[in-house]
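Q: Take this structure first; my questions come after.
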Amino acid sequence: MDVKLLKPSETPPEPSAKRKPTDAKALCIISVTSVLAIACFTMGLFFHIHKPTQLILDDRLTMRQYMPYFKWWQDTTDVLVTCRMFIFNVTNSDRWLHGLDDQLHLEEIVPIVYREILEHTDVVFHEHNSTMSYVTRRRLEFLPERNTPGILNRTIVVPNISLLGAAAKVEDDSYLKKKAFSIVYAVSGDSVFSRMTIYDYLWNTKPTFLEQVRRFVPSMVPSDNVGILKTMYEDSVDHVNVLYGKRHGHQRFFAMNTYEYEPTVPGFSLAEGDCFASIVNSSEGATYQQYLNEQSVLIYWRKTLCRAVPLYFDRRVPKGSLTGYKYVLPDSSYDRLPNSTADCYQGQYGLLEDGMTDTSKCSHDVPIVATSPHFYARNFTTGHKITGMKPNRELHHSYIIADPSFGIPLDQCARTQTNLAIPKLTHFNWEISRFSEMLIPLFWIEYHQKELPPYIVRTLEAFYVLRDAEPYLPYALYLAFLLLLAVAFREAARFRMHGKVVPSKCPKKQQMTKH
């Protein structure tokens, strides 16, 4: 036997040894591409039935606490809301008191700018009725960089709100009570006009008249400090209950259910027979309902306004890369209603004119009324003794520009003017009677959220990119399915052919040895 003839058979199977890594790689490619193909087909079929943006908005209804949209609502520290106060300074108080001027000249002081910080805490979900309760807190922070240096130390002359408001409240009382009122006023040494700094007017107003009244009738004076902002923010903690979840749908998402455990404005008691001043379906302004359209009505609630007001669609407005829907407060918002029993804001101290809304229930029953700033869009008969009003729509109207899908406010501005409404006064001394039948502007205030933080804007931009791409997304996934399937079949074919090929080196060597 020729030894050379045995060598080929003793040679180790090198081709099969080299083929093992190649086989493993091919099997890996086939497995991965097959799984990805099935995943793409499944996702394509799912997105063919369900739109991704619809799923996102449906999920937002649930307000999951670990999702970004819940954190945006709960933590608003990155959202800048400015509070600008415009005070009316009286420039001719002496001449007016002495009868030399028939009109009271008012001068608007440059705005005092604060930042309003809104906090949402103590969140509780009530699954049985799909509502969410929470505590809201508001506070102000002075912004030095946005204010005129030393503005808080500037001296102003303003009407004595406490004195004149108290006189208006006792107008319907007896003659003796009015005389007692006049005696207390004389003893106090107070005046119908107060000269003070802007800081004291806002935060530390303590009229001597109130001190005397509190000495004799403590129950009539709930606080000895009646500073404007101090009074507005002294009770800054409120309990709110809103709707959430798929049960209530997109149109009622985050609609207010109760405020301070009641469906009415604080101060209006149904048990005591007060008017039903509803806050139901309103919003505190942090977010509004989803899927807004031209027929949507946004109901804005503000405690300082003492009512909820509806805003109606005006037009589409570009806001950077986004497009918002602008809703405006109609000029007729504060007009009297045809059904007087449904008009909760017609006035406690006499019927108010169109364009005025009574806020006395939220102001310790002082005859305070709200109007548009500078009496914009109205010409009140009781305002003829006042000069200095310069109405301007762009500066004085209120609006909301909201994202139409999420209802998130991109830009919103609430403006309102606070006035002292004095009825006809009788049996008072001449100084007080001089204010009879007057509407005296005190100040107007603007709350403005001008923009959103960049990370929220980028998220909204990504949402709309997805919305534009979602009609083509299922077909792109189907195409990916076919391509991956083709790769898997190609690799499977190669693997099968590779397994059938027999190496030709061995036969050739055998033939050579025979020769």
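Q: Of these, 93, 133, which one is of a type in the set (S, T, N, Q), crowded, with 16+ Cβ neighbours inside 10 Å and more than 24 Å from the chain's Cα centre (by Cα)? Let's see the steps before the verdict.
A: Numbers: 133 fails: more than 24 Å from the chain's Cα centre (by Cα).
One residue alone meets the criteria, 93.
Q: Could you say whether any residue in the range 205-216 is over 26 Å from residue 85 (Cβ atoms), without any contact (Cβ under 8 Å) to a residue 40 or more places away in the chain and either in contact with a Lys or Arg (Cβ under 8 Å, 6 or more places away or on another chain) or buried (at least 17 other Cβ atoms within 10 Å of the Cβ) (or both)? Steps first, please.
A: Applying the first criterion (over 26 Å from residue 85 (Cβ atoms)) to the range 205-216 yields 212-216.
Still in the list and also without any contact (Cβ under 8 Å) to a residue 40 or more places away in the chain: 212, 214-216.
In the following step, the residues that additionally are either in contact with a Lys or Arg (Cβ under 8 Å, 6 or more places away or on another chain) or buried (at least 17 other Cβ atoms within 10 Å of the Cβ) (or both) were identified as 212.
Looking for residues that are over 26 Å from residue 85 (Cβ atoms), without any contact (Cβ under 8 Å) to a residue 40 or more places away in the chain and either in contact with a Lys or Arg (Cβ under 8 Å, 6 or more places away or on another chain) or buried (at least 17 other Cβ atoms within 10 Å of the Cβ) (or both), one finds at least one in the range 205-216, hence yes.
Q: Looking at this structure, is residue 171 of a type in the set (Asp, Glu) and loosely packed, with under 14 Cβ neighbours inside 10 Å? So that I can check it myself, show each step before the final result.
A: Working: of a type in the set (Asp, Glu): yes; loosely packed, with under 14 Cβ neighbours inside 10 Å: no.
For residue 171, the condition - of a type in the set (Asp, Glu) and loosely packed, with under 14 Cβ neighbours inside 10 Å - is not met.
Residue by residue, here is whether (1) more than 21 Å from residue 340 (Cβ to Cβ); (2) open to solvent by less than 20 Å² (accessible area, probe 1.4 Å) holds:
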| residue | (1), (2) |
| --- | --- |
| 241 | yes, yes |
| 253 | yes, yes |
| 259 | yes, yes |
| 270 | no, no |
| 291 | yes, no |
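Q: Something else: Applying the selection to the range 406-446, what residues are assigned to a loop (DSSP other than H, G, I, E, B), over 18 Å from residue 285 (Cβ atoms) and not β-branched (Val, Ile, Thr)?
A: Step one: filter the range 406-446 for residues assigned to a loop (DSSP other than H, G, I, E, B), giving 406-408, 423-429, 434-437.
In the following step, the residues that additionally are over 18 Å from residue 285 (Cβ atoms) were identified as 423-429, 434-437.
Answer for the range 406-446, where residues must be assigned to a loop (DSSP other than H, G, I, E, B), over 18 Å from residue 285 (Cβ atoms) and not β-branched (Val, Ile, Thr): 423, 424, 425, 427, 428, 429, 434, 435, 436, 437.
Q: Pairs under 7 Å by beta carbon, first residue without any contact (Cβ under 8 Å) to a residue 40 or more places away in the chain in the range 350-361, partner of a type in the set (Ser, Thr, Tyr) and open to solvent by 50 Å² or more (accessible area, probe 1.4 Å), six or more apart or different chains?
A: Listed by first residue and then by second, the contacts come to 353/381.
Q: Let me ask another. If you check 353, 394, which single one turns out to be open to solvent by 40 Å² or more (accessible area, probe 1.4 Å) and touching a Ser or Thr at 6+ places or on another chain (Cβ under 9 Å)?
A: Values: 394 fails: touching a Ser or Thr at 6+ places or on another chain (Cβ under 9 Å).
Residue meeting the stated conditions: 353.
Q: Does residue 158 fit the bill of being aliphatic (A, V, I, L, M), open to solvent by less than 30 Å² (accessible area, probe 1.4 Å), more than 30 Å from residue 243 (Cβ to Cβ) and in a strand (DSSP E or B)?
A: Details: aliphatic (A, V, I, L, M): yes; open to solvent by less than 30 Å² (accessible area, probe 1.4 Å): yes; more than 30 Å from residue 243 (Cβ to Cβ): yes; in a strand (DSSP E or B): yes.
Taking the combined requirement at face value, the residue satisfies it.
Q: Also: Report those helices (runs of 4 or more DSSP H) wholly inside the range 1-96 carrying at least 2 residues which are within 30 Å of residue 466 (Cβ to Cβ) and at pLDDT 90 or above.
A: Fully inside the range 1-96 and qualifying: 52-60, 68-74.
The values are calculated or read from the model by the stated rules, or taken from the named source; none is laboratory data. Not measured: the values here are computed from a predicted model. Neighbour counts are summed over all protein chains in view; Cβ atoms, including those assigned to glycine, are modelled from backbone coordinates with ideal geometry. Heads up: the accessible areas ignore ligands, DNA and RNA and are worked out on the full protein's heavy atoms, side chains in. Shrake-Rupley method; radii C 1.70, N 1.55, O 1.52, S 1.80 Å.
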